[in-house]
Amino acid sequence: MVPIKGIYLALLVLVASSSFTTNQVKGDKYEDEDDYYDSRERVLETSYHGLIKENETFVEITPLIKVDETKICGFHIIKKNKEIPFQIELVNELGILKAKKSLNCEKRKNYKFDITAVFCDGSHSKSASVHISVIDINEYSPTFLQPSYVTEVDEGRLYQEIIRVEATDKDCTPLFGDVCKYEILTSDQPFTIDNEGSIRNTEPLSHKASHNHILSVVAYDCAMKQSAPVMVNIRVRRVCEAHVMGVAERIDYSANSMESVSLFPKIHLELCDMQCKGEDMVIQSSVSLKTKHISFGCDRDASQCLKKLSEEEQIESGLTDLLQKNTDWTKDLVYDEGAESIFHFDGSAGAIVPKTVVKSQDFAAHQFSIMTMFRHHSIASNDKHTKEHIICSADDHKMNRHHMALFVRNCRLILLLRKNFNDGDLNIFSPAEWRWKVPQVCDNEWHHYTINVDLPKVDLYIDGVKFESNIEDRHSNPEVIDDWPLHAAHGINTTLAIGACFQGSENRLKHGFSGDISEIKLSMRKVLTPNQIRCGTDCAEKLLPPADHFLEPEQQIQSNTQMNKIIIEGSNKSNIEQLLQQIQYINSKDNPTIGRRNIQVMTTVSCPNKKAIRLPSIDTYIMVTASNTSTPPVPSTATLYSKILVDKPLTVDQKPQIVIVGNSNHLVSYPDIKDGVKILAQINISIYTGKEIRPALQKLDSCNVNVFPSLNPDHEEITIDDKDGTDESLFKFDIKTKISKDGVEMIGYDTIENYQHILKSLVYINKKPAYYLNRVFKLTCSQVDDHFRSAEYTLTLTVLHPKQQPSSASTAPSVLLAVPSVLPTTSSDGHAAVAADSHDTNQYAHAMLHSHDIQESQSRVHNLAHEKAQLASSHSTMLIVVICASFVLLICGVGIARLRNNGGGGGSGSSSHSRNSLDKHMPCPKVAPEQQLDWDDSALTITINPMQNDNLSDESSESENSDSEDEEVINGRYKNVSQLEWDNSTI
């Protein structure tokens, strides 16, 4: 039996040896036990971040899980409350993290868990956190919240929003899960959609055109993945709009038929459900005949009117015609070869009436009448003191006294009538000049004027109506100016001239009229009666009102004196329609003017004591066409075609024709048509007689540009762009321009050059070109009252719609094809020059080319003013050059003089002083030869004394004085008195 003490000693020895062995192993690498445990904890990083796509299982870890396989034999995922769909393996000293199954970002986007490294002895390292994000892929397309959309809208309205569609996307990230765009796939529909899904219409809808609009709409996420289309049905509700129906666009009338034609046989008033509470509704319709652009404002026929006068009035109505065709004194005047007598005056033409026609008369001693019809070409730049005579009786030689004259000055019609020395005391003033301020003188329209003179009474009739001044200006309109009688001048008679005034001292005509005159007649020693005055002023074409038996109680019909406007008023809608259907047009003239007469119908509906509702106005026209009878009482064919501005009639083989040439097609792109294109920039108008162009014929009366179909005012318009024009603006032309949705109408007697200037300045703008393929513009021009008309020139404006190309590679060929065969080149002055044939219809360009040519002035008056302005400008520029050159020489002289004075001493001291002086003073400036005359006078304003202009225009200072509109008051005695004509008989 071993003793207990021995056993105890043996155990102590074993424990000691074991302890020594362990400490010895540790001592080989680690100094103590704390260092050993720190090395085990630093195996893993504190945290790791991973990314995994929805359709993958491999996790990209940052940073990499890297360990030493000699010590680490694996990894362990610490699971907490939730299942972790990941596993980790040790491969080649790296921790590879994988998903056990495909993840879904839409269910869970992020995962967080801890991992530890397992040592080969089975122990675990300190844990590290792992954050894993699931990367979304675009696996879902947007889907709309509703399977389809249906809504209703009213016709004729523009909505800010008709309906809003909405789509969603199941993807979890904003790039794939947000809807960023909506698109309407249905083409040629007047709708647009924004990125919020709001649909609105781009033009008013029409129930008649389409009862409903079906749109196919798709949505896109931010990665441009497209949804399945959804159908949007927009129904159009018919809205009853009160308007006039059943009016034809054109009404034909055969010339010389002498029969009336009904204007609106099928007219109908659509008033919807308009009614007044307990009261009758008031309906008023007016029909207007507009003929200002025809002949003399309308067809007049004095011969028919004379037949209606009494025998006594016919005998007393004998008038002396001073402006006749085919006479010795008018053969040099420019006139029309048609049925109407129209003489054209340019300010320098005129005619002296032989004494066999009208003997020398003392007009102030007897009563007389002047009857004339003229159209004054008002020019804004004319001096207000310029006189334009219609008729003038002046001294025949030696002096320039005007005895009787009718002239236009400063938009006033003025009658001058001077008493002779034997008609009264030379020291007593008497009325000598009557100035009527009337707008008709300068409106560039035809008007009939009659002046009855029975001193001291003078009456003016305009278009057959006696002029009566307003209450405000009854004392100043007409303005009556007093003057002394003319002094005696022995051996001097008078000369009667028309269209100008005879200057006796210069033996020439002066102060000519600018415009057209149809007639000048004198009634000697008697004045015309109101009936005789109206004879010839009444229109031969008129509107005929309904017969009285069609009227019902409380219905009324009104007509104006010219019979070109009829107003019908009543409460019975059916009866108003019946009355409108009875309105007729008739032209009783023997030779009616061929052409168009505009008709306008305006209707208002109202309840008593309430504001009236105006229905849309209706515009139509009557086309007076040539008679189809075998022997019509109209001029022969040769005379009809030769009714042009020549001094002699043309022969049959010289029948003139208006030729309009230019391109027949014009292709434009979206940006160009939105900014505006000049539609008629390439046209050229000429008048040929046979194969020659005669300069005397190059004038027109009217041009019309018709648009097919009519413009939509919502986004289409035609404007006039005259930015490239010279100082002679469009307002100085004698052309009136009216722009409407149907085109452009230009009226006025002017040169072809001026007409072309306006036509080439017409700009067509379309803000929404996507809805149109083309527009057709038709141009016709006429000369002298539509008797001489051009053929119809047609231009088709085609819109080039852009095509979406799928890729850049496929886009390149189309770009190459779009390059024109003729490329623009750059000239030496820096402007683009295009070498292209304007008549080549196979080449098109939409570049707006601007010519920089100098344009001629529009008339002789303009040329004279332009030459004076150039002369004044050149003199002023030369004066400035001389002054500046003298100033430079003066500075140089002063500098040289100072240098000489400072260098007058001798020795070194003087030389040093001279050097100091040179340092202090600036050297004399040198002016380059090419810079001496290069002055910029663009900002100079040169004022020319108007009295100098008068001196230049009137060579003789003793002919007349320039009396202004505001007369001076001398000592209070001679108020409203001016010396109208110089009386140099006693000089």
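Assorted remarks:
- F113-E54 FRET efficiency (beta carbon distance; Förster radius 25 Å; 0.05 resolution): 0.85
- Listed residue pairs exceeding 30 Å between alpha carbons, taken from K292/K573; K359/K736; K325/K510; K53/K80; K71/K107; K80/K109: K292/K573; K359/K736; K71/K107
- Extreme residue, positive dipole direction of the range 583-623, given options T620, V605, Y585 (C-beta unit charges): V605
- If a spin label sat at a point 7 angstrom from the Cα of A209 along the line to its beta carbon, the backbone N atoms of the range 148-183 nearer than 16 Å would be those of 153-159.
- Take 594-602, 227-235, 557-565 and order them by the average number of nearby Cβ atoms within 10 Å per residue, most first; the result is 594-602, 227-235, 557-565.
- Accessible surface of the range 160-201, 1.4 Å probe: 41 percent of it comes from carbon and sulfur atoms.
- Difference of contour (0.36 nm per residue) and Cα-Cα distance, S133 to S740: 211.8 nm
- Applying a DSSP loop filter and a limit of 14 other Cβ atoms within 10 Å to the trypsin sites (Lys or Arg not before Pro) in the range 466-556 leaves R474, R525.
- Other residues whose C-beta falls under 12 angstrom from the C-beta of D321 contribute a net charge of +1, scoring Lys and Arg +1 and Asp and Glu -1.
- Ligands, DNA and RNA are left out, and with a 1.4 angstrom probe the accessible area of the range 244-306 is 50 Å² per residue.
- Among the GluC sites (Glu not before Pro) in the range 425-517, those placed in a DSSP loop whose Cβ has at most 10 other Cβ atoms within 10 Å are E468, E472.
- Equivalent ellipsoid semi-axes - Cα gyration tensor, the range 219-308, angstrom: 54, 25, 13
- Sites N774 and R157 - FRET efficiency at Förster radius 30 Å, r taken between beta-carbons, to 0.05: 0.60
- Ordering Q146, C120, T173 by the projection of their Cα atoms onto the charge dipole of the range 102-190, which places +1 on the Cβ of Lys and Arg and -1 on the Cβ of Asp and Glu, puts C120 at the extreme positive end.
- Label point at D121 placed 7 Å out along Cα→Cβ; residues across the range 53-90 whose backbone nitrogen lies under 18 Å: 68-75
- 18 Å cut-off, amide nitrogen to a point 7 angstrom out along V465 Cα→Cβ, residues in the range 556-577: 558-567
- Total formal charge among the other residues, if their Cβ is under 14 angstrom from that of T372, Lys/Arg +1 and Asp/Glu -1: -2
The values are calculated or read from the model by the stated rules, or taken from the named source; none is laboratory data. Remember, predicted model here, so these are calculated numbers, not experimental data. No Cβ is skipped: glycine too gets one built from the backbone with ideal geometry, and neighbour counts run over all protein chains shown. Note: areas computed on protein heavy atoms with side chains; ligands, DNA, RNA excluded. Shrake-Rupley method; radii C 1.70, N 1.55, O 1.52, S 1.80 Å.
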